Amino acid sequence: METLFRRAILILLFFVLLIVLIGLLWWLFYCQCRPLCSYFRACGEQVGTVSSDLGRGTVPPHHVERGRFPHFDPPQDDYNDDSGRAVPDGPLRGTLAPTVKPSLLLKIEPNKQSVPPQGAAGDPVVFRQYDPLGTKAGGVGSPPDMNAARNGNVILLSYNTAVLLSTDGADYTLLDPTTIFPSGPAKDSSGNLLDRGLCCDQIVRYVPQIDRFVWLMQFCGSNATSCLQGVNKVRIAVASTQDVIASGGTKWTYWDLTSASVNIGASTMDYPDLSIGDNSLYFSADAVSGGGLLVVRMPLSDLQAGGTLNFQFTAPADSALAYGGHITQNTGDTLFWAGHKDNSTIRVFSMAENSGQYSWRDIAIDSWPKGAAISSIAPDGKDWLSFGFPGNAVLGATRRTADEVWFAWTAGSNANFKNPHVRVLQLKVSDFSVVKQWDIWNDDYAFAYPSLATNGDGEVGISLGWGGGTFYGNNAVGILGDFVVWYPELSDAVLASSPIRFGDYFSVARATPTPTLFDASGYAVFKNTPPATGTRVDPYYIQFGRDSAVNGGAPNLH
């Protein structure tokens, strides 16, 4: 009898221990509670860091000068009609409520400090230069997709399929890329379409290490009805500052990267981005039918030499979670990009310049509200954020220091956030631990489409969209940590397009040769003057920074 009793006790203890063990495993793998779960970052799906080899390719150069090609009318049929990736719910962490004070909106006057001073303990952001260019811009699409690059007095401002060039820092000339480069449909040796001609997004950057402006142009997919279907190409063109001045922006060396050259089959490359590393130029794009983010690395030395371009590239399927996202600016010796596994787990990718591989790992973060949809109603009752692309993709990305990287994305609304807002995540590079998580928010208006860059003082600048309530969709800039963003002008309409579009790009970049400042671009939307109907767009270039950096002297701390 006593033996049976002991056996029963042992069996009971066994099952108790089994239940405790199962509970512990569940806690580790699904709660993702730190620090015990810091290693098991994917908590059930992925353990530690995963790596993959880069692909390799080469492409020959081409040279153009004097703008002698016939004009080409870019396709206008549904060339940017994509949708954002849906982010699933993850385990609840945090309060889904603001942890910092709301961000204010203020209007900046050029070269003037606000009275009384506001922001950054008396050293606020001011505009050094503001150039509204609506009277000079032509061919502005819906939306304009703004980007700006500058070196000294040379400014390139791109939007859709046109570029404004200034060589004196004041006066602008409209450039038609279709007359500078061969831009019509291209075919292979068998007569198959490689693309249907220049169509869509453009990116411009200045690379001080090699004194080259870089101009990226996207071409329409080969499908007969949609620019986002079929194969296409992306053109990378470079020119020195002196060549831009001497040629009026018509002398360039360029390379065409096709869908085949980066091994993405029949997929279209869309929504591109560019980033400058210590020794490399990085290009990213959505592989549309592949459902992931493609990242390409090119040596700066090859771009400077103007010969054969060697490049390495990722497999987009590895970065499926990063679809619609962008890559880190001012990225130094390692590039980063990110995507959401769910709304409480982010997957961060990295590619060291001296490595033939790229890696990724999952990181547990505080939950952020997705909301039913990213939506904000303008004074006329229209939803200026209704289009939905790229949704919650990680758009803002910058390397703040050698051991810190910042990401930002558009989050939704809930009971604690009355409007869509921007979530900011700061990570430590050495161990990918979370440094800080916070929001750019206000109960009176929405924030969306964040773009980030780092200046020479290690400050993170932002350019983003905002609006709703008593405001239409607008652009604002600022320096993170001030909890103030500044705007140059206010829209008085929602862009007359079907569907309604806003975004998809705003840009901010470290200025050259004054790295304490930022170059940025944005736009405002205005009603056409009667009897004309519809709307018009005013794209603008702005340069901003701290009052002490723009106007000199020590910050006013009183």
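The values are calculated or read from the model by the stated rules, or taken from the named source; none is laboratory data. None of the values given here were measured: they were computed from a predicted structure. All Cβ positions, glycine included, derive from the backbone under ideal geometry; neighbour counts span all protein chains shown. Ligands, DNA and RNA are stripped out before the accessible areas are found, and what is left, the full protein with its side chains, is counted by its heavy atoms. Shrake-Rupley method; radii C 1.70, N 1.55, O 1.52, S 1.80 Å.
Contact annotation: residue pairs with Cβ atoms under 7 Å, 6 or more positions apart or on different chains, pairing a residue in the range 99-124 that is modelled with pLDDT under 90 and open to solvent by less than 30 Å² (accessible area, probe 1.4 Å) with a partner that is of a type in the set (Lys, Arg) and in a strand (DSSP E or B), are 123/546. Answer yes or no as to whether residue 455 is under 19 Å from residue 326 (Cα atoms), open to solvent by less than 20 Å² (accessible area, probe 1.4 Å), modelled with pLDDT of 95 or more and among the polar types (S, T, N, Q). When the stated conditions are applied, residue 455 passes them.
The set of residues from the range 153-163 being out of contact with any Pro (no Cβ under 7 Å at 6 or more places or on another chain), of a type in the set (A, V, I, L, M, F, W, C) and buried (at least 23 other Cβ atoms within 10 Å of the Cβ) comprises 155, 156. Among the residues of the range 506-528, which ones are open to solvent by 10 Å² or more (accessible area, probe 1.4 Å), within 19 Å of the chain's Cα centre (by Cα) and either among the hydroxyl-bearing types (Ser, Thr, Tyr) or closer than 20 Å to residue 200 by Cβ (or both)? Correct list: 506 only. Could you go through the range 465-488 and let me know if any residue there is more than 24 Å from residue 438 (Cα to Cα), in a loop (DSSP other than H, G, I, E, B), more than 17 Å from the chain's Cα centre (by Cα) and in contact (Cβ under 8 Å) with a residue 60 or more places away in the chain. For the range 465-488, residues more than 24 Å from residue 438 (Cα to Cα), in a loop (DSSP other than H, G, I, E, B), more than 17 Å from the chain's Cα centre (by Cα) and in contact (Cβ under 8 Å) with a residue 60 or more places away in the chain: present. For residue 387, which of the numbered conditions (1) farther than 20 Å from residue 143 by Cα; (2) modelled with pLDDT under 95 fails to hold? Evaluating residue 387 over (1) farther than 20 Å from residue 143 by Cα; (2) modelled with pLDDT under 95 leaves (1) as the failure.
A single entry from 265, 221 fulfils the requirement of being buried (at least 22 other Cβ atoms within 10 Å of the Cβ) and in a loop (DSSP other than H, G, I, E, B): 221.
Annotation: of all residues in the range 171-185 being touching a residue at least 60 places away in the same chain (Cβ under 8 Å) and assigned to a strand (DSSP E or B), the one that is least open to solvent (accessible area, probe 1.4 Å) is 175.
None of 439, 443, 380, 431 is surrounded by 21 or more Cβ atoms within 10 Å (Cβ to Cβ) and over 22 Å from residue 297 (Cβ atoms) except 439. Of all residues in the range 242-253, none satisfies being in contact (Cβ under 8 Å) with a residue 24 or more places away in the chain and either among the acidic types (Asp, Glu) or within 22 Å of residue 389 (Cβ to Cβ) (or both).
Taking the options 498, 507, 548, name whichever one is within 18 Å of residue 459 (Cα to Cα) and out of contact with any Ser or Thr (no Cβ under 6 Å at 6 or more places or on another chain). Only one candidate qualifies: 548.
Of all the residues in the range 416-447, those that are out of contact with any Ser or Thr (no Cβ under 8 Å at 6 or more places or on another chain), in contact (Cβ under 8 Å) with a residue 40 or more places away in the chain and not charged (D, E, K, R) number 5. For the range 251-262, give me each residue that is of a type outside the set (Phe, Trp, Tyr) and assigned to a strand (DSSP E or B). If the condition is that a residue be of a type outside the set (Phe, Trp, Tyr) and assigned to a strand (DSSP E or B), then 253, 256, 257, 258 are the ones that fit.
Within the range 186-218, being within 19 Å of residue 161 (Cβ to Cβ) and part of a loop (DSSP other than H, G, I, E, B) holds for 196, 197. Kindly check whether there is at least one residue in the range 398-407 that is under 17 Å from the mean Cα position of the chain (by Cα), among the basic types (Lys, Arg), at pLDDT 95 or above and open to solvent by 10 Å² or more (accessible area, probe 1.4 Å). Looking for residues that are under 17 Å from the mean Cα position of the chain (by Cα), among the basic types (Lys, Arg), at pLDDT 95 or above and open to solvent by 10 Å² or more (accessible area, probe 1.4 Å), one finds at least one in the range 398-407, hence yes. Residues in the range 231-262 that are surrounded by fewer than 23 Cβ atoms within 10 Å (Cβ to Cβ) and at positive phi: 1 in all. Restricting attention to the range 304-358, the residues that are open to solvent by 10 Å² or more (accessible area, probe 1.4 Å), farther than 16 Å from residue 274 by Cβ and either hydrophobic (A, V, I, L, M, F, W, C) or within 20 Å of the chain's Cα centre (by Cα) (or both) total 16.
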